[in-house]
Amino acid sequence: MESKFVPKALDYDLSPYTGLTRESWLEAGMYMLEGIFQNIDDMEKPVVVPRKETEITYPHLKASEEVQKTQRTAEVFEGLTRSFFIAAPVMRNIPDLEICGYSMADYYKNHVLRVCTKGDPLYVGTYADQQEITGHADPFKPFQQTVETCALVICLWISRGQIWDTYTKAEKDTIAEFLQSYAHENTVPQNWRLFNMLDMAFLHMEGYPIDRDIMRDHAQAILNYYVGEGWYRDGHAFDYYSCWAFNMYTAIWNLWYGYENEPYLAGKFEEQSNKLMETYGDFFDRDGWTNMWGRSNIYRNAATSAFDGNMLLRNSTGDPGLARRISSGSLMQFLGREDFLYKGIPTLGFYGQFSPLVQGYSCAESPFWLGKAFLCLHLPADHPFWTAKENNGSWEHLGEREVKVTALDGPALCFSNHQANGETILRTGKVVKRPGDEHGMWNYSKLCYNTKYPWESAPAEDVEAQQYVLRDGTTGQFSKGNVTFWYGEKDGVLYRRQFFHYDVDTECHWMQAVNLADFTVPYGVVRVDKLRLHRAPVSLTLGSYGFPDNGTEVQERREGNARAIILKGRDALGNEKQMAMTIYDGWKELKLLHSTGTNPDSEKSVVLYASTGREKQYGYEPYVLISQVITKESHEDFTAEELFPVKAVSYTDPEGCGGYGPVVIELKEGGRKEIVFEGIEGKMML
């Protein structure tokens, strides 16, 4: 097996950006399946794959024997159903598919029945069985198996001719009885409701009884999680679950159940998917790359499954040529890397193994959720998704130095497409994480997320990439922004507020905070932020993106009171990278921090960071902190105007501290930005 996927079937007339065709996707699916089945030495063994990480993921070795038992069955089920995401659409196109000497139809037909059959060694148990095994006192506790039943029914539908239709009536009844348990029992009150809905919809479609009131209750709740612009609130958070769960599963539910039985709900779900398509293409960069953001980053390019979901709808308005271009670009973002696989299996990381992003609800088989991207292969060969010529959406219409900014108030997402470097930068709001939840803050609270600079975990106690770190001079405590309020964009400036050590239990707002104001420039973002301090003395740092350190050249430049440090180097694949950070008012120092094991792209990394230096006292001291981070995917020098874009800064208050009134930034390229913090209080959203 090759160390990275190299497609053989290429057509640059049909796909001028990626060359990938439907045949290329089938090749990729078989490549992934070969990686899986090279680890399975017996037809009767489940998809339990090599596990590189053992401290965070389940089965948790330090858990009780009862808990480990249910976790081992969950792992078996997860390995089966998530690998089925890849196998089902491939075997739909290649019915006699063999991988590593195994008939895929025979393997999955056998193992699906086994996990549903009581008494079989691979039986994973009903909901009631899990309650009995764990002896859990909570009668409403959900189990991981509910998630996987949904994957199971989707794949049985896709591979109907190869598997489901070949079962006897008795075998179908066994599987249906197993599904009934999870379909109607307790679930998690967010995206998990969709798992129950699809279980019930599949059973209904196959002639089995369901509780229509439970179905309707779940569906109305899903509808009411909708916030606008195609996005849904998942629990409190906004992340890719909106796209790979809500916007994928509602489309399938419409086909199986909604259009016929709940036309109003189905119509709303269709309308909302089409609304997402209006801007979702701009969420990816010029290469079609997916941003590392939110939880479950090990699912990678599953984010593109929302395009496939839209293509399923009766009245889809998504652009099929753009949808395939992004799907193929994101596929190669990961499969095109040699560090993507560990013994043929996607690592527990974003690229290579990266433990800081791994979460305890995952197991070694969890990354196969990315198989949802392969569900597009169930679209027939003559579907526009496969026949339309690739196009690159907004990128084809942007000028050389133009930036397109999209700000969505509903999900509090602002994404900017930078033609100068081809990157897409995401700025988020409506974030609530507990103080000390570093995973949550890395996933959601970064000031910027960049498609070409995946987020870096803490390189030091007092420095974070793309985050402020505040040090209380009285207690010595370090705090990071764990709660972010959203105002939105006004006159080309995005306003937010981030609190340090916000107590989510008492909701006390009167603690340290910073009002965020930032605007785009061709290669990045300029920050004009204002401190909102309750107690002093304090000092702050602000980090750049993490920069891969595989031999880095460091340069320094100065202009007036501004200072810039430029880094030139290469990523783990040898691609040229360049980043610069510039500091203006409010900052005293600009430094470098070298780190190991904190960057998902490279073992070694560098973070540039600004520091206020001495501790700010309690009184009328400078409030405004001005900085810039810009990046380039080449070693061509930044110009002086790019490194130092600010021509002049004007303050309203005579002390020049920015305590009140507009702050006016005049830019060398022309134009000005007026930063006005007064009044944002009236529209702060969480």
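Coordinate-derived values only; no laboratory data. Predicted, not measured: the structure shown is a model, and the values here were computed from it. With ideal geometry, Cβ positions are generated from the backbone for all residues, glycine too; neighbour counts draw on all protein chains shown.
Place +1 on the Cβ of every Lys and Arg and -1 on the Cβ of every Asp and Glu in the stretch 22-396, take the dipole about the Cα centre, and give the residue among 40, 131, 64 whose Cα lies farthest towards its positive end. Looking along the dipole axis, the top candidate is 64.
The radius of gyration of the Cα set in the chain, together with its Dmax, comes out at 25.7, 84 angstrom. Think of the stretch 368-466 as having a plus end and a minus end, set by charges on the Cβ of Lys, Arg, Asp and Glu; of 413, 445, 403, 413 sits farthest toward the positive end of this dipole. Computed from the C-beta positions of residue 652 and residue 93 and an R0 of 56 Å, the FRET efficiency is 0.30 to the nearest 0.05. Principal axis extents of the C-alpha atoms in the stretch 403-647 (largest first, rounded to whole Å): 49, 39, 39. Spatially, the stretch 290-312 and the stretch 65-132 are offset by 23 Å when compared through their Cα centroids. Per-residue Cβ neighbour counts within 10 Å put 462, 585, 42, 120 in the sequence 42, 120, 462, 585, beginning with the fewest.
For the residue pairs 52/452; 404/673; 430/683; 372/404, alpha carbon separations beyond 19 Å are given by 52/452; 372/404. For the stretch 84-124, the set of trypsin sites (Lys or Arg not before Pro) satisfying both a DSSP loop assignment and a count of at most 12 other C-beta atoms within 10 Å is given as 118. Note down the relative contact order for the stretch 403-647 as a percent, whole number, built from C-alpha pairs under 8 angstrom at least six residues apart. The value is 18 percent. Sorted fewest first by neighbouring Cβ atoms within 10 angstrom, 567, 370 come out as 567, 370. Simple spin-label estimate for residue 490 and residue 8 gives 6.0 nm between the two label positions (7 Å along the Cα-to-Cβ direction from each Cα).
If you sort the three axes of the alpha carbon gyration tensor as a ≥ b ≥ c, you get a/c of 1.5 or more for the stretch 1-151 and a/b above b/c, which makes it prolate.
For the stretch 124-189, the extents of the C-alpha atoms along the principal axes are 42, 24, 16 Å, listed from largest to smallest. Taken as entire DSSP H runs, the helices of the chain that both span 30 Å or more between Cα atoms along their own long axis and average -1.0 or more on the Kyte-Doolittle scale are 65-93. The loop-placed GluC sites (Glu not before Pro) in the stretch 584-616, going by DSSP, include none that has at most 13 neighbouring Cβ atoms within 10 Å of its Cβ. Please compare each pair in 172/268; 568/647; 169/343; 172/343; 446/490 to a cut-off of 28 Å on the Cα-Cα distance and tell me which ones are over it. Those over the limit are 172/268; 169/343; 172/343. Within the stretch 133-167, report the chymotrypsin sites (Phe, Trp or Tyr not before Pro) that DSSP leaves as loop and that have at most 13 other Cβ atoms within 10 Å. Here the chymotrypsin sites (Phe, Trp or Tyr not before Pro) that fit, given the DSSP loop and packing criteria, are 140. Computed over the stretch 525-656, the range of Cα coordinates on each principal axis works out to 50, 32, 19 Å, biggest value leading.
Summary value for the chain: 10 percent relative contact order, contacts being C-alpha pairs under 8 angstrom separated by 6+ residues.
Across the stretch 98-232, the volume of the C-alpha convex hull divided among the residues equals 140 Å³ per residue. Considering the dipole of the stretch 22-396 built from charges on the beta carbon (Lys and Arg +1, Asp and Glu -1) around the Cα centre, which of 80, 145, 355 is farthest to its positive end? Selected residue: 355. Charges were assigned to the Cβ only: +1 to each Lys and Arg, -1 to each Asp and Glu. The resulting dipole of the stretch 403-647 about its Cα centre is roughly 460 debye. Only aspartates and glutamates eight or more places from residue 141 in sequence, or on another chain, were considered; those with a Cα closer than 16 Å are 66, 129, 132, 185. Simple point charges give the picture: +1 on the Cβ of Lys and Arg, -1 on the Cβ of Asp and Glu, and for the chain a dipole about the Cα centre of about 860 debye.
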